[in-house]
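Submitted below is the structure of interest, expressed as structure tokens.
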Amino acid sequence: MRKAAQLGFGGIYVRPEVGGSGLSRLDTSIIFEALSTGCVSTTAYISIHNMCAWMIDTFGNDEQRKRFCPDLCSMEKFASYCLTEPGSGSDAASLLTSAQRKGDHYILNGSKAFISGGGDTDVYVVMCRTGSKGPKGISCLVVEKGTPGLSFGKKEKKVQFTVADVDCCVGWNSQPTRAVIFEDCAVPVTCRLGNEGQGFNIAMKGLNGGRINIASCSLGAAHASVLLARDHLLVRKQFGETLANNQFLQFKLAEMATKLVASRLLVREAATALQENRADAVSLCSMAKLFVTDECFNVSHTVQRLILCTFYHVTTTKSNVNLTNTK
């Protein structure tokens, strides 16, 4: 990933003065789609890292931006986004992780679940409750690895199965997933992004771009799957001719190509809307996440059924797309 950072992929839409590439959301979508044709898992983590760097660049003060962003953009340090908890997933406003202010520190207690990069990354962008119930009581803290009171759960196991005596692991195996635990973890007030009570707004703005990014990852994986299907049909022979001459399979390829183009257009439109801060940006980002991950999963599933002889490779791709399809 540090080689990717040398190409500017550590802070794609972070401002150049703190080491970012300063590219647009549309540029970012194109990059993540291309990277995902090679590895969805790695690209998905890079997208999370970029989201964290953008949050610090956008909502941090000059001191925070200069302190954290250069190392994140070069990927000398890696970041994780900590929102999900054991009891709050989609209902993010009900999170329970608390941060009580004592002098010039917040005392952080609680846990976050299913955190990509957890335990291996260096910087944790944490949503926590500093006030009353509901979204207005949530703030955002940046917690560095090594802070006393910060610990991590056991590394989550990915899906495992055996095919033809070969042990296979599918899922996002290039990135670890762990719980992130806070027990009287003292975080300086200077590590708060924005004002108290602004955390929920920061989280949602980050997720708008995150939805585009993860849809782009699905798109790249589905594109790679269609290419696999095409190549397979060109070389596989049945009844004296290649499968590419079968009209039914030609129709299947055409249908999948149509879904890819429709998905790509929606992702690009959402990315443009977000970049331009249009009124319909939030809706389009949500639509892109919903539609594109669904359609790209269906494409990968279809390819899996077409190519049983390359079961492991296609199943891995399909599984990775399925992980992007969580609601």
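With charges only on Cβ, +1 for K and R and -1 for D and E, what is the dipole size of the chain about its Cα centre, in debye, rounded to 20?
For the chain, the charge dipole is close to 300 debye.
Can you flag which of Lys102/Lys205; Lys66/Lys157; Lys136/Lys157; Lys77/Lys289; Lys66/Lys145; Lys77/Lys154 are past 26 Å Cα-Cα?
Result: Lys102/Lys205; Lys66/Lys157; Lys136/Lys157; Lys77/Lys289 exceed 26 Å.
If you roll a 1.4 angstrom probe over the protein chains with everything in place, what fraction of the accessible area of region 38-196 belongs to carbon and sulfur, to the nearest %?
Looking at region 38-196 in its full context, I get 50 percent from C and S.
Could you give the angle, 0 to 90 degrees to the nearest 10, between helix 62-73's Cα long axis and the longest principal axis of the Cα atoms of the chain?
Tilt of helix 62-73: around 30 degrees.
Let me ask something else. Which shape class, rounded, prolate or oblate, goes with the chain when its Cα gyration tensor gives a ≥ b ≥ c as root eigenvalues, a/c under 1.5 marks rounded, and past that a/b bigger than b/c marks prolate?
Prolate is the answer for the chain, as a/c is 1.5 or above and a/b outweighs b/c.
Please identify, among Gln250, Gln64, Gln175, the residue showing maximal mean-square fluctuation in a Gaussian network model of the chain using a 10 angstrom Cα cutoff.
Among Gln250, Gln64, Gln175, the largest GNM mean-square fluctuation belongs to Gln250.
Also: Taking 8 Å as the Cα distance limit and 6 or more residues as the minimum spacing, I'd like the relative contact order of region 3-96 as a percentage.
29 percent.
Could you pull out every one of the aspartates and glutamates with an alpha carbon less than 16 Å from that of Lys112, ignoring same-chain neighbours closer than 8 positions?
Leaving aside aspartates and glutamates fewer than 8 places away in the same chain, those within reach of Lys112 are Glu85, Asp91, Asp120, Asp122, Glu144, Glu156, Glu183, Asp184.
Long-range amide H contacts for Val14: which residues qualify at under 5 Å (H placed 1.01 Å from N, peptide plane, sequence gap of 5 or more or a different chain)?
Ser21, Gly22, Leu23
Could you give each residue of region 242-258 its phi-based ³J(HN,Hα) in whole Hz, using Karplus coefficients 6.51, -1.76, 1.60 with θ = phi - 60°, and x for Gly or Pro?
5, 5, 4, 8, 7, 5, 4, 6, 4, 4, 4, 4, 5, 4, 5, 4, 5
Rounding to the nearest 10 and keeping the result within 0 to 90°, find how far the Cα-based axis of helix 199-235 lies from the longest principal axis of the chain.
20
Starting from the Cα of Lys237, draw a straight line to each of the lysines and keep only those under 26 Å, dropping any in the same chain fewer than 8 residues away.
Partners within reach: Lys252, Lys318.
Next question. Can you run phi through the Karplus equation (6.51, -1.76, 1.60; θ = phi - 60°) for region 30-35 and list ³J(HN,Hα) in whole Hz, with x for Gly and Pro?
5, 4, 5, 5, 5, 5
Report relative contact order for the chain in percent, whole number only (criteria: Cα-Cα under 8 Å, sequence separation at least 6).
19
The values are calculated or read from the model by the stated rules, or taken from the named source; none is laboratory data. Here the structure is a predicted model, which is why all the values come from computation and not from measurement. Cβ atoms come from the backbone with ideal geometry, glycine included; neighbour counts cover every protein chain shown. Each accessible area value is taken on the protein alone, full model and side chains, heavy atoms only, with ligands, DNA and RNA left out. Shrake-Rupley method; radii C 1.70, N 1.55, O 1.52, S 1.80 Å.
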